[in-house]
1. Enumerate by residue number the trypsin sites (Lys or Arg not before Pro) in region 144-202 meeting two conditions: DSSP loop (anything except H, G, I, E, B), and at most 15 other Cβ atoms within 10 Å of the site's Cβ.
2. Report the gain in length on full extension from residue 296 to residue 135: 0.36 nm times residue separation, minus Cα-Cα distance, nm rounded to one decimal.
3. Based on the mean of other beta carbon atoms within 10 Å per residue, what is the order of 68-78, 103-113, most packed first?
4. Once label points are set 7 Å from the Cα along Cα→Cβ at both residue 46 and residue 266, what is their separation, rounded to one decimal in nm?
5. Which Cα, out of 129, 117, 446, lies furthest along the positive dipole direction of the chain (beta carbon charges, K/R +1, D/E -1)?
6. Given +1 on the Cβ of Lys and Arg, -1 on the Cβ of Asp and Glu, and no further charges, what dipole in debye does region 276-375 carry about its Cα centre, rounded to the nearest 20?
7. If you count only protein heavy atoms and use a 1.4 Å probe, how large is the accessible surface of residue 191, to the nearest 10 Å²?
8. Which of rounded, prolate or oblate describes the chain when judged by the alpha-carbon gyration tensor and an a/c cut-off of 1.5?
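The values are calculated or read from the model by the stated rules, or taken from the named source; none is laboratory data. Please read these numbers as outputs of a predicted model, since none were measured by experiment. As a convention, Cβ positions derive from the backbone with ideal geometry for all residues, glycine included, and neighbour counts pool all protein chains shown. Surface accessibility is based on the protein's heavy atoms, side chains included, excluding ligands, DNA and RNA. Shrake-Rupley method; radii C 1.70, N 1.55, O 1.52, S 1.80 Å.
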Amino acid sequence: MNKRKNNKNRNQGKKRNRTDKPYGKQPAAKGKPKGKRPSNKGSQQTVTTTCSGFTSDGKGIVQLDGQEVAVEHLLPGEKAEILVSKSGKFVNAKLKRVIDASKDRVEPPCVYYYACGGCQLQHMSNDKQEDFKQNVVDELMKPFVKPEPIMTMEHPYDYRNKSHTTFGLNQKRQVIGGLYAQHSHEIIPIDKCLIHDPKSDEIANTIKGILKSSKMQPYNEDTGQGFLRHVLIKVGKVSGEIMVVLVAASPEFKGKKKFVQTLRNAHPEITTILLNVNTRSDSMVLGDQEKVLFGKGTITDTLCGLKFEISAKSFYQINPVQTEKLYGKAIEMAELTGKETVVDAYCGIGTIGLIASRRAGKVIGVELNKDAVKDAIRNSKRNDVTNARFYQGDAGEFMVQMANRGEKADVVILDPPRSGSDEAFLSSVAKLKPKRVVYVSCNPETQARDMKYLEKNGYKVEEIQPVDMFPQTFHVESVAKLVRK
Ligand code: SAH
């Protein structure tokens, strides 16, 4: 029930056969044609061809009329019928029927898989998913060292500690809750997502039930009428604490007491409930106004032996089981002896820095998001950490200032967003000359780009460890150790 990317198939709740999969829209690319030439059927053409490989986001590659085209849900080696349509330089290709299935193909365990784009790899066996992600990282890291075998998840489901559910009315004016369809604001009703914490879906379903039996209306984006837009649920996997954020279109919550009481009676495990008011018309889930309706307004969870307070808006890794493996590896790569000055850049709520502080002389954290910095400072107090300082600002600018002031850092750990770091940051690292740089990344493509810069400026990549933080999706995390040459 996340607000993740989804496609437009709206045939809910039914198992789909392999012919009603969505279009993959891909720009045309050069290449030699393979397979049969398309037979013309109106504006669309059906072509039989064989898949030659994977794109980096897990789609199958086919060659059509000299163009390399990506097809969702197709596996390398599979012979299939593809429905092709062209518009200008764009080619859309959709899997119509698999003729020779790969041994790696499995029946997706989720009944919504082909309607919801949140997961992209459920049609592959777990081994194949592992293989695919390993290859993505191996390919990108060819200029450096051979990456270690990917750290996989023993039970690659139920892992997300955060979920979003959107509410609305269907054409029969019945209340529905689920996901937005891809590139649209049409809601796909979903009762259970296999990668969510199961408790969060139970709570979202209860809220749907309360909406159905009360006069409260879900918000309608077109008319601007109604009240409840989304529900955001965060679960502390270790603490068992649960936060429910009701995202509404206005602060006037009629029947608030009864709603909160009914929800708490049904789920005594909920530890805090908040009202967030979102009057925006873009796709942001949360608005600025927030009011605590029950409990303390935050939840606490334990990660690598430390306690972290998590607020509605701050970033917290969504797969804590794999995060412990990732952070464990990052700390190992930092080779701390208790004396080092460590920079934790793009530090979020301070998780990596605070975990490192136990083995470092001093930690300096920098983060752009004000709320996250406040959480980081609170988290250092909560864990009695006295050798960490957190600053709000752009990591690049902060590092430039550090370098200009001639400050010293022994280890720099960075964990930037998908877009990666920037030249201001990386050039300052080269000036500060830390002995080691540990680069944690949720996008190995930008990680490889940035590491190339660091290799040209005094560093050598020594070790790369991929981690599967997001099973069933094409995303892959990677942590790398760089040492000063
Ligand atoms: N290390 C943290 C957070 C990683 S997510 C953890 O593991 O939980 C990346 C973080 O970078 C986010 O918190 C985001 O707010 C922050 N960020 C994005 N751009 C930034 C910038 N230019 N300077 C500093 N922080 C930035």
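1. Taking region 144-202 and a limit of 15 other Cβ atoms within 10 Å, the loop trypsin sites (Lys or Arg not before Pro) found are 172, 173, 192.
2. The span from residue 296 to residue 135 would gain 53.5 nm if fully extended.
3. In descending order of packing, they fall as 68-78, 103-113.
4. 4.5
5. Farthest towards the positive pole: 117.
6. For region 276-375, the charge dipole is close to 200 debye.
7. Roll a 1.4 Å probe over it and residue 191 shows about 70 Å².
8. The shape class here is oblate.
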